[in-house]
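A.B. asks: Just passing along the structure, written as C-alpha cells.
The values are calculated or read from the model by the stated rules, or taken from the named source; none is laboratory data. What you are looking at is a predicted structure, and each value in this text was computed from that prediction instead of being measured. Glycine gets a Cβ as well: all are built from the backbone with ideal geometry, and neighbour counts include every protein chain shown. Accessible surface is based on the protein model in full, side chains and every heavy atom, while ligands, DNA and RNA are left aside. Shrake-Rupley method; radii C 1.70, N 1.55, O 1.52, S 1.80 Å.
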Amino acid sequence: DAGVIQSPRHEVTEMGQEVTLRCKPISGHNSLFWYRQTMMRGLELLIYFNNNVPIDDSGMPEDRFSAKMPNASFSTLKIQPSEPRDSAVYFCASSSMTSGSDRWAFFGQGTRLTVV
Amino acid sequence: DQQVKQNSPSLSVQEGRISILNCDYTNSMFDYFLWYKKYPAEGPTFLISISSIKDKNEDGRFTVFLNKSAKHLSLHIVPSQPGDSAVYFCAARGSNYQLIWGAGTKLIIKP
C-alpha cells in the first residue's frame, strides 16, 4: 500500500483565495483525521471522520474551514477565504478500528500551506 | 487547556547515551498512550504504545514507562543513535478513539 497520500505537498496562495487540500487514506481504513501543525500550537486535530461521517469537528478553527469525505477513499479540507494565519503544515491521517498496529494513525507527508 | 503536555521543547543527548523524553497528562480516562517520531518534511510515524493497564512496554532500543498515579509517561531510547534525531510526539487516546497530542520534543543526538 502506498500509505496516506496528500496533495499538493506545497501550496502558496494569496490572502482571500480558496485553498483545497486533498487526502487519500489507506485502503481499508475507516477513520480519517485532519491535523494542523504550527510552531505555536503543535499538532492540533481539526476534524475526524468515521466511515465517511464527520464525528468531531470541534477543532475546526472557524467557518472558513470545511471538510468533506464523499467516499472512503477521498477527503478534502477547504479554506475559504484563506488568511496568513492559516499558514501551517496540514496532515491527513487514517486508521482502522480493528486490533493490531493498524489501530494507530498513519500520517501522510503533509501539505505545507503558505498564505501571503 | 492542554490535556497532554511535553514540557521540554528540545533535548540534546550524546550518541550512545540514554535519551529520556517526558510527557504528562491530565485525563485519567485515556486508555492508550503512544509515541510518534517525526522527521522534517515527513508526517509523524508510530513508534511505540502502551496500554493504561500496563506500566512498561519495550521494543528494541525503545521503552515506554507509564506512571498512572503521577499521570506521567516517558520514552527511553538506549543507546541513542544519530538517526534518532527527530521530533517526538506523545499522544493519548481518549473517547471516540481521538488522539490528544503533546506539542513535541525535538531530540538532537550529538556525535
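A.B. asks: Collect the residues in segment A:2-17 that are open to solvent by 50 Å² or more (accessible area, probe 1.4 Å) and either touching an Asp or Glu at 6+ places or on another chain (Cβ under 7 Å) or at positive phi (or both), keeping them in residue-number order.
C.D. replies: Within segment A:2-17, A:15 is the sole residue that qualifies.
A.B. asks: Limited to segment B:21-46, what total is found for residues that are surrounded by 12 or more Cβ atoms within 10 Å (Cβ to Cβ) and part of a loop (DSSP other than H, G, I, E, B)?
C.D. replies: Matching residues across segment B:21-46 total 8.
A.B. asks: Find the strands (runs of 3 or more DSSP E) located wholly in segment A:28-85 whose residues include 3 or more that are closer than 21 Å to residue A:7 by Cα, and list them.
C.D. replies: A:31-38, A:42-50, A:65-71, A:74-79
A.B. asks: Give segment B:49-58 a look and list any residue that's touching a Ser or Thr at 6+ places or on another chain (Cβ under 8 Å) and either of a type in the set (A, V, I, L, M) or open to solvent by less than 80 Å² (accessible area, probe 1.4 Å) (or both), or say none.
C.D. replies: Hit for segment B:49-58 is B:57, nothing else.
A.B. asks: Quick check on segment A:18-39: of everything there that is within 14 Å of chain B (Cβ to nearest Cβ) and of a type in the set (Val, Ile, Thr), which residue is farthest from residue B:41 (Cα to Cα)?
C.D. replies: Taking the candidates together, the pick is A:26.
A.B. asks: Okay, next question. What number of residues within segment B:94-111 satisfy the criterion of being open to solvent by 40 Å² or more (accessible area, probe 1.4 Å), outside any strand (DSSP E or B) and within 14 Å of chain A (Cβ to nearest Cβ)? Quick ask: steps written out before the conclusion?
C.D. replies: In the first step, residues of segment B:94-111 are kept if they are open to solvent by 40 Å² or more (accessible area, probe 1.4 Å); the result is B:95-97, B:100, B:103, B:106, B:108, B:110-111.
Add one more test, that the residue is outside any strand (DSSP E or B), and what stays is B:95-97, B:103, B:111.
Applying the additional criterion that residues be within 14 Å of chain A (Cβ to nearest Cβ) yields B:95-97, B:103.
Number satisfying all stated conditions: 4.
A.B. asks: Output the residues belonging to segment B:50-72 that are part of a strand (DSSP E or B) and more than 13 Å from residue B:88 (Cα to Cα).
C.D. replies: Answer for segment B:50-72, where residues must be part of a strand (DSSP E or B) and more than 13 Å from residue B:88 (Cα to Cα): B:50, B:51, B:56, B:57, B:58, B:59, B:63, B:65, B:66, B:67, B:72.
A.B. asks: Does residue B:12 count as away from every other protein chain (no Cβ under 14 Å), hydroxyl-bearing (Ser, Thr, Tyr), more than 21 Å from residue A:44 (Cβ to Cβ) and part of a strand (DSSP E or B)?
C.D. replies: yes
A.B. asks: I'd like to verify a number: residues in segment A:66-85 that are buried (at least 20 other Cβ atoms within 10 Å of the Cβ) and over 12 Å from residue A:23 (Cβ atoms), how many?
C.D. replies: 2
A.B. asks: Continuing with the same structure: Can you name every residue in segment A:40-65 that is within 9 Å of another protein chain (Cβ to nearest Cβ) and touching a Phe, Trp or Tyr at 6+ places or on another chain (Cβ under 9 Å)?
C.D. replies: A:42, A:43, A:44, A:45, A:48, A:50, A:55, A:56 - these are the residues of segment A:40-65 that are within 9 Å of another protein chain (Cβ to nearest Cβ) and touching a Phe, Trp or Tyr at 6+ places or on another chain (Cβ under 9 Å).
A.B. asks: So which residues in segment B:45-60 are of a type in the set (D, E, K, R) and either within 14 Å of chain A (Cβ to nearest Cβ) or closer than 13 Å to residue A:104 by Cα (or both), if there are any at all?
C.D. replies: Selection gives B:59 alone.
A.B. asks: Among the residues of segment B:67-93, how many are at negative phi and either at the interface with chain A (Cβ under 10 Å from one of its Cβ atoms) or open to solvent by 20 Å² or more (accessible area, probe 1.4 Å) (or both)?
C.D. replies: Residues flagged as at negative phi and either at the interface with chain A (Cβ under 10 Å from one of its Cβ atoms) or open to solvent by 20 Å² or more (accessible area, probe 1.4 Å) (or both) within segment B:67-93 amount to 16.
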